[in-house]
Amino acid sequence: MKEIFFPKRMWRPRSELKRRYEVVVVGGGSHGLATAYYLAKHHGIRDVAVLEKSYIGSGASGRNTTIIRANYRTPEGADFYSESVRLYEGLSAKLDFNLMFSQRGHLTLAHSDRAMVVMQERAEVNQILGIDSKVVGLDRIRELCPELDLSDRPTWPVMGALYHPPGGIIRHDAVVWGFARAADRLGVEIHPYTEVTGLERVNGRVAAIETSRGRIECGHVVSATAGWSTLVAELAGVRLPITTHILQAFVTEPLKPFLDVIIVSSQLHVYVSQTDRGEFLIGSEIEPYTTYKGTGTLSFLETTSRHTLELFPQLERTKVLRTWTGLCDLSPDYSPILGRTEVDNFHVSAGWGTYGFKAAPIVGVTLAELIATGKTPDLIAPFALERFYTDTLVSELAAAAVSH
Ligand code: PYC
């Protein structure tokens, strides 16, 4: 008889929801799954359910541009993202899942005297904070990226760049699947297509969660819902100072590999990398208006393509394969909102703008520690929601590669 082949599932099919969990994580993306994984792995807390209104990785985790870097401007941001890069470096081995992390180097181009001064300042701040980052001239850029147009033809010729060697790209679906599979193996329950519709508050705590599949009681709730964070927090009666914008990006048809660094130009509002599939992945800054409408715009495609061709004229005849938008939740100081809220057992990972995917492992480690021990880890203390009431903002605007 012919043998029937059943592919092995990455994680168990969803079960019936139990009546109660010690921890319920809302959002089945990289942050939610990382938090669930580290709760089980580091603290032995396995009575955890991850609820996702769509499929796993359907939100920001599956709709970003996969760039990982740590060249931030504030001491708080630098420490936090450096630790995230360090965790990403060991994560394939830890999860026993190839995340295809390629630390190919990250170049932020300068096209004016003023931009050169800003890059120099940024490199010096990075170096004081222990981050591998320096300003390089045209000869070094040519060595790192011979394909880049370094002539005086472009409207804004390249003058130099901030070079961050540990920066890289990673396979974003793999990060989600790796965390999901590892969490599942430790006993965490993963519930796709389970939407949270209400949060019941009793005596300043969330006592239960209403979902499209019934009501669950809980010890702790974590909202890791990126673009939807304000809506989910509002269900708990928590107001987050966040606006939601869209970020657009596109990939071209696959080409033979010729770009093995990440090229960013703040002045041209564009970043370019070549994926392992050979596609050129190209993005721009977030749209300045707030919206949940996920439709791409022609003006984005036109402008971003034009700016990319200033850098790589050889892509002139390359076809665009697909475009997408992702929701970005932006805080007033461009730093995340992470940890406790005024509702005792309701924790958030929010306000990431376009930096969220870079932070998944360190968010998981620190949120899991907060829930397990009741103590906020030092690394995330500066990112508390409270800072907007105590006037202790952490302004990270100057660290933007391009976006926000
Ligand atoms: O901050 O590296 C970044 C980034 C890339 C795309 C959007 N933001």
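Key figures
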quantity	calculated
Restricting segment 316-359 to residues that are among the aliphatic types (A, V, I, L, M) and buried (at least 23 other Cβ atoms within 10 Å of the Cβ), the residue that is farthest from the ligand (Cβ to nearest atom)	V348
Hits in segment 93-111 (condition: closer than 30 Å to M159 by Cβ and of a type in the set (K, R))	R104
Pairs, first farther than 30 Å from Q248 by Cβ and away from the ligand (no atom under 16 Å from the Cβ) in segment 376-404, second part of a helix (DSSP H, G or I) and acidic (D, E), C-beta under 7 Å, six or more apart	P377/E369; L379/D79; L379/E83; P382/E76
Qualifying residue in segment 148-158 (condition: surrounded by fewer than 16 Cβ atoms within 10 Å (Cβ to Cβ) and in contact with a strand residue (DSSP E or B) (Cβ under 8 Å, 6 or more places away or on another chain))	no
Residue among T244, T230, T155, T194 that alone is of a type outside the set (A, V, I, L, M, F, W, C), part of a loop (DSSP other than H, G, I, E, B) and touching a Leu at 6+ places or on another chain (Cβ under 7 Å)	T194
Residues being buried (at least 19 other Cβ atoms within 10 Å of the Cβ) and either hydroxyl-bearing (S, T, Y) or within 16 Å of the ligand (Cβ to nearest atom) (or both) - total across segment 362-375	3
The listed residue being buried (at least 22 other Cβ atoms within 10 Å of the Cβ), within 14 Å of the ligand (Cβ to nearest atom) and closer than 23 Å to G27 by Cβ, out of N71, N64	N64
Hits in segment 327-362 - residues which are outside any strand (DSSP E or B) and at positive phi	Y334, G351, G353
Filtered residue count, segment 208-262, keeping only those that are closer than 17 Å to V50 by Cα, surrounded by fewer than 20 Cβ atoms within 10 Å (Cβ to Cβ) and aliphatic (A, V, I, L, M)	1
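Quick grid of which residues meet (1) within 30 Å of T194 (Cβ to Cβ); (2) over 16 Å from the mean Cα position of the chain (by Cα); (3) outside any loop (DSSP other than H, G, I, E, B); (4) free of Cβ contacts under 8 Å to residues at least 12 places away in the same chain:
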| site | (1), (2), (3), (4) |
| --- | --- |
| A49 | yes, yes, yes, no |
| K53 | yes, yes, no, no |
| I56 | yes, no, no, no |
| N64 | yes, no, no, no |
| E76 | no, yes, yes, no |
| D79 | no, yes, yes, no |
| S82 | no, no, yes, no |
| R86 | no, no, yes, yes |
| N98 | yes, yes, no, no |
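Each reported figure results from applying straightforward, stated rules to the coordinates on display, with no laboratory input. Since this is a predicted model, take the numbers as computed values, not measurements. Every residue, glycine among them, receives a Cβ derived from its backbone with ideal geometry; neighbour counts consider all protein chains shown.
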